[in-house]
1. Convex hull volume of the Cα atoms in segment 17-129, per residue, in Å³?
2. How large is the Kirkwood hydrodynamic radius of segment 72-129, counting all unique pairs of alpha carbons, in Å?
3. Taking only the Cα atoms of segment 57-100, how large is their convex hull per residue, in Å³?
4. Show me 48-59, 69-80 ranked by packing, highest mean number of other Cβ atoms within 10 Å first.
5. Which GluC sites (Glu not before Pro) from segment 77-108 combine a DSSP loop assignment with at most 16 other Cβ atoms within 10 Å?
6. Starting from the Cα of Leu45, step 7 Å toward the Cβ, then list every residue of segment 54-68 with an amide N under 11 Å from that point.
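Read-outs: derived from the displayed coordinates by stated rules, not from any lab. The model shown is predicted, which means the values in this text are computed figures rather than measured ones. We place every Cβ from the backbone using ideal geometry, glycine too, and count neighbours over all the protein chains shown.
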Amino acid sequence: MAEGSPIGRVRGLGSAKSGAHHWWLERLTSVSTLLLFVWLIASVLRLPDLGHGTVTEWLASPIAAVPMLLLIVSTFWHLKLGLQVIIEDYVHEEGLKLFSITLLNFFAIGAGALAFFSVLKIAFGGGNS
């Protein structure tokens, strides 16, 4: 039976053709994260000081909040994709692999949501406590 036959793919014996998509997503998120981190560093260096009030006021602006939200999404997505590949490559027991990937997804979504919410809270004026 050929490795690329339909039955081979169903049985997991050949390429499922999903690796290229995952690889491209990793590359795209790495580039977007890099560009957004360069933006973040340049923006922070332009601030007059790094006090809480200054940074909060800067982050309350849509010009700063929107790229920061994009940075959060890109970073946590890239983290999830990269760690998933590590788990898939080095965890061989299927039950543990499924558990690890599920735990990773919960962590990435939870931490990303917390960071996203924090920026939104500042941007919409709730961070002045």
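1. Per residue, the Cα convex hull of segment 17-129 comes to 116 Å³.
2. Computed over segment 72-129, the radius equals 12.7 Å.
3. Numbers: hull volume 2.9 nm³, N = 44.
It is 66 Å³ per residue.
4. Sorting 48-59, 69-80 by mean packing, highest first, produces 69-80, 48-59.
5. For GluC sites (Glu not before Pro) across segment 77-108 that sit outside H, G, I, E and B with at most 16 neighbouring Cβ atoms in 10 Å, the list reads Glu93.
6. No residues fall inside that zone.
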